[in-house]
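> Pasting a structure below so you can have a look.
Laboratory data are not the source of any read-out in this text; all were calculated from the coordinates shown. Every value quoted in this text rests on a predicted model; they were computed, and no experiment measured them. Cβ sites come from the backbone with ideal geometry, for glycine too, and all protein chains shown count toward neighbours.
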Amino acid sequence: MMMLTKKMIEIRSLLNSVGQSDSLTLPSIVVIGSQSSGKSSVLEAIVGHEFLPKGHNMVTRRPIELTLVNTPDASAEYGEFPALGLGKLTDFSQIQRTLTDLNLAVPAQQCVSDDPIQLRIHSPNVPDLSLIDLPGYIQVTGSDQPPELKQKIADLCEKYIQPPNVILAISAADVDLANSTALRASRKVDPRGERTIGVITKMDLVDPERGVSMLTDKKYPLRLGYVGVVCRVPNTPTGIFARGTNNISTAIVRNEKAYFTAHAEFGPQSHLDVGTTNLRKKLMYVLESTMAASLKTTSEAIQRELAETTYEFKVQYNDRSLSAESYLAESLDAFKHSFKSFADHFGRQEVREILKRELDQQVLNLLAQRYWNRPVEDLTPPLSETDPLSSLPKSDPENQLWHLKLDASSASLTKVGIGRLATTVVADALQAHIDRLISGSTFAAHPFARQAITEASTSILKDLSYDISDELEICIKPYKYRIDLDDIEWARGRDNISMVLKEELKDVESAVKHIEEQVGGRRRLRDVMSFVDRVRSGQVVLEGDGVGGAGGFSSALLQKGREAVFLRDRADIIKMRMLAVKSKQCATKKNKYYCPEVFLDAVADKLTTTADLFLDAELLSKFYYIFPRELDARLGRGLSPADVERFAREDPKIRRHLDVVRRKELLEHVLKEMEALRQLEAREKRHGGRP
Ligand code: GDP
């Protein structure tokens, strides 16, 4: 029943994938031997290919965990390094080069590392086996090697030859067994010789009698016995077996058989164990029975591990199951939910407020351009604090100039490009809200999703805006020619512009305060402002252009003074206009030429009403319909399982949670497999069992 080893090897790689703890180690065959004892040759004879690093400069510096997987139904032979992701390597010389590179990557000063290289070889010609090749023991340290190297290698080997592993101790026949470092090391950890297989290589190099005496060694008797082999790759004239993809087993076995049959000492009557084929069989049998013997302890270890993981799952994650898919789906649902409640609260009224604020600003700009700029003659005498109305530019209803002025202003307002302006501010507001929703969602910790969502909304808004701004422009077209206001609209405009002016005044006053702080106090600002006033009224004549400063003030200070004077004048005008708006004259629309502020505000209001209706119907409802569907396309159906996994693991908290869930599921699965194996094993035993 060789399937036990196979199953256990599968289980081992499953356990590896969740970062098994040391207690879960399943038994392996550990191969030890001195340098040049023929260790590599034995492993290569078993695999059927030359694949191990060769050379004099200590080429094995890391343990190689070699897993052989028998694939009876496949003809291809290949190796893979699970940690490297190089795929299936069918050229064994490439495997050899990779192993050499991995070993040489360990710096010479460090000389050996206990970080194992994992290599799996799949072939119909290999048995299911799990072997660990270790750096060869050295007798003397080379001049270019650190003195502690010998000890380091011995320590590394000792770590691996602990139970439940089986030890494959390689010794060369042409060296006295008493001098075999491998057997000495083995004896230290397995004094009764219960889990050591002795391999005597290079049997062809000694007399058959001497070979026989080694195989029947009594000084260190082994329950699993000694096996004699001749593993040299025979030299063929064509060199066909040397390298690459051809299997060398047959050639080795044929050569070996020729030697052993040529010497009667090794004949069937001798009951000696010789030959690579026998060695392979022995390894399979020994590993299988060791695996069977360790089933119980391994099951128990997995059970403990599972109990720990289950506890962690309960305590840390409240038994909440999680997969990358469910996490994405939940996150997406939550986001769409928050978007829905945003959409429910962001409608025509909100659009209206945004638009009105924008148009109010436009109105203020127009007023400043066309009305509030005071020609010099209007400014003398300076505005009086007590009677600001007396210094107003006088508007005369009979004067055509004032008619023209108001018509031009309202035309400017209707022609600022309301279509584009309104669409842009509303689209920008939507985008800002989406950004805020992202920041408040689980997607905040996921750069990839963040970008996908932002791109979705910007591209939809861009597409929609293009047509909508043109269509809106057409909607407001009638206002470009004629604007009729009723009394209610006038009254509303009057209320609103009063508030806008009040806000504007506040802004101006706080700007002045800010300048005051910048120049170092109110008095200093007053001094420089009065100097600027005197220059302006001609009382003081500046020499040059005042670039280097004047009147004892630096040019920077003068600049601040000019800004403050400008703001003061603006504040004066606003105050004056606030009074004007409040005055009786502006109470009725008949006097619209006196009251451009009220008129323009009412126009802005009319424009807003048209635009908010249109944008609500066209931009908002279309965006609210398309956006969630676009999210599904970009973050739902559009992602591959690997994308989803990568997405979920971006968040370290989720990654840990996913790992625990996965580990738990896997351990449960492995445990079930182990139980099935134990039952199978028990049945085999009842029915007379193994060979
Ligand atoms: P390692 O350093 O222990 O891995 O030893 P190798 O497998 O590289 O073998 C060392 C040398 O011994 C190589 O030149 C092999 O060709 C040679 N060798 C290995 N096994 C045999 C064998 O059974 N018979 C003979 N004659 N030479 C062998």
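> At a 10 Å Cβ-Cβ cut-off, how would you order CYS586, CYS111, fewest neighbours first? Display every interim value, and only then the final one.
Values: CYS586 24, CYS111 18.
Going from sparsest to densest Cβ surroundings: CYS111, CYS586.
> Further question: Report the gain in length on full extension from ALA587 to LYS622: 0.36 nm times residue separation, minus Cα-Cα distance, nm rounded to one decimal. Intermediate values should be presented prior to the final figure.
Details: separation 35, 0.36 × 35 = 12.60 nm, distance 4.17 nm.
Once the chain is fully extended between ALA587 and LYS622, it gains 8.4 nm.
> Label-point separation (nm) for ASP319 and LYS415, each offset 7 Å from Cα along Cα-to-Cβ?
7.5
> Here is a further query. So if we plug the beta-carbon distance of GLN109 and ALA258 into 1/(1 + (r/R0)^6) with R0 = 51 Å, what FRET efficiency do we get, rounded to 0.05?
Values: r = 46 Å, r/R0 = 0.90.
Computed FRET efficiency for GLN109 and ALA258: 0.65.
> Oh, and also: Could you please rank ASP217, ASP601, ASP333, ASP495, placing first whichever residue has the fewest other Cβ atoms within 10 Å of its Cβ? Don't jump to the answer; show the numbers that get you there.
Working: ASP217 18, ASP601 31, ASP333 10, ASP495 13.
If I rank by nearby Cβ atoms, fewest first, I get ASP333, ASP495, ASP217, ASP601.
> Still on this model: Hey, in the chain, which Cys have no second cysteine's beta-carbon closer than 4.7 Å?
When partners are defined as cysteine Cβ atoms under 4.7 Å apart, the chain leaves CYS111, CYS157, CYS231, CYS475 without one.
> Now for a different question. If each of SER326 and GLU645 carries a label point 7 Å out from its Cα toward its Cβ, how far apart are those two points in nm?
Label at SER326, label at GLU645, 1.8 nm between them.
> Classify the range 433-553 as rounded, prolate or oblate, taking a ≥ b ≥ c as the square roots of the eigenvalues of its Cα gyration tensor: rounded when a/c is under 1.5, otherwise prolate if a/b is larger than b/c and oblate if not.
Details: a/c = 2.62, a/b = 1.55, b/c = 1.69.
Judged from the Cα gyration tensor, the range 433-553 comes out oblate (a/c at least 1.5, b/c at or above a/b).
> Distances over 16 Å make up what percent of all Cα-Cα pairs in the range 627-674? Walk me through the numbers on the way to the answer.
Details: 648 of 1128 pairs.
Within the range 627-674, distances greater than 16 Å cover 57 percent of Cα pairs.
> For a label point 7 angstrom out from the Cα of HIS403 toward its Cβ, which stretches of the range 465-486 have the backbone nitrogen within less than 14 Å?
none
> What FRET efficiency comes out for THR277 versus THR71 if R0 is 22 angstrom and r is the Cβ-Cβ distance? Round to the nearest 0.05. The partial results should precede the final answer.
Numbers: r = 20 Å, r/R0 = 0.89.
Computed FRET efficiency for THR277 and THR71: 0.65.
> While we're here: With label points built 7 Å along Cα→Cβ from the Cα atoms of GLN162 and ALA445, find their separation and express it in nm.
3.6
> Let me ask another. Cross-link list LYS340/LYS622; LYS477/LYS590; LYS415/LYS477; LYS405/LYS480; LYS584/LYS606: which exceed 20 angstrom alpha carbon to alpha carbon? Walk me through the intermediate numbers first.
Values: LYS340/LYS622 13 Å; LYS477/LYS590 25 Å; LYS415/LYS477 9 Å; LYS405/LYS480 15 Å; LYS584/LYS606 24 Å.
Beyond 20 Å between Cα atoms: LYS477/LYS590; LYS584/LYS606.
> For the chain, what is the relative contact order in percent, using Cα pairs closer than 8 Å and at least 6 residues apart in sequence?
The value is 15 percent.
> Pull out the extension gain between GLU265 and GLN361, defined as 0.36 nm times the separation in residues minus the alpha carbon to alpha carbon distance; nm, one decimal.
On the way: separation 96, 0.36 × 96 = 34.56 nm, distance 11.08 nm.
Full extension from GLU265 to GLN361 adds 23.5 nm.
> Between HIS687 and ASP174, what is the FRET efficiency for a Förster distance of 56 Å, r being their Cβ-Cβ separation, to the nearest 0.05?
Numbers: r = 46 Å, r/R0 = 0.82.
The computed FRET efficiency comes out at 0.75.
> Here's another thing I want to ask about it. Kirkwood hydrodynamic radius, computed over distinct alpha-carbon pairs, for the range 562-691: how many Å, to one decimal? Before the final figure, lay out the partial values.
Details: mean 1/r = 0.0418 Å⁻¹.
After inverting the pairwise mean of 1/r, the radius is 23.9 Å.
> Determine Rg/Rh for the chain; Rg is computed over alpha-carbon atoms and Rh is the Kirkwood hydrodynamic estimate from the same atoms.
Values: Rg = 45.4 Å, Rh = 34.4 Å.
With Rh from the inverse mean 1/r over Cα pairs, Rg/Rh is 1.32.
> In addition: Checking the a/c ratio against 1.5 first, then a/b against b/c, what shape does the Cα gyration tensor give for the range 61-208? Walk me through the intermediate numbers first.
Working: a/c = 1.79, a/b = 1.27, b/c = 1.41.
Oblate shape, in that a/c is at least 1.5 and b/c is the bigger or equal ratio.
> Still on this model: Subtract the Cα-Cα distance of VAL189 and ALA334 from 0.36 nm times their separation in residues, and report this length gain in nm to one decimal. Could the numbers behind the result be given before it?
Details: separation 145, 0.36 × 145 = 52.20 nm, distance 5.99 nm.
Contour length minus the Cα-Cα distance gives 46.2 nm.
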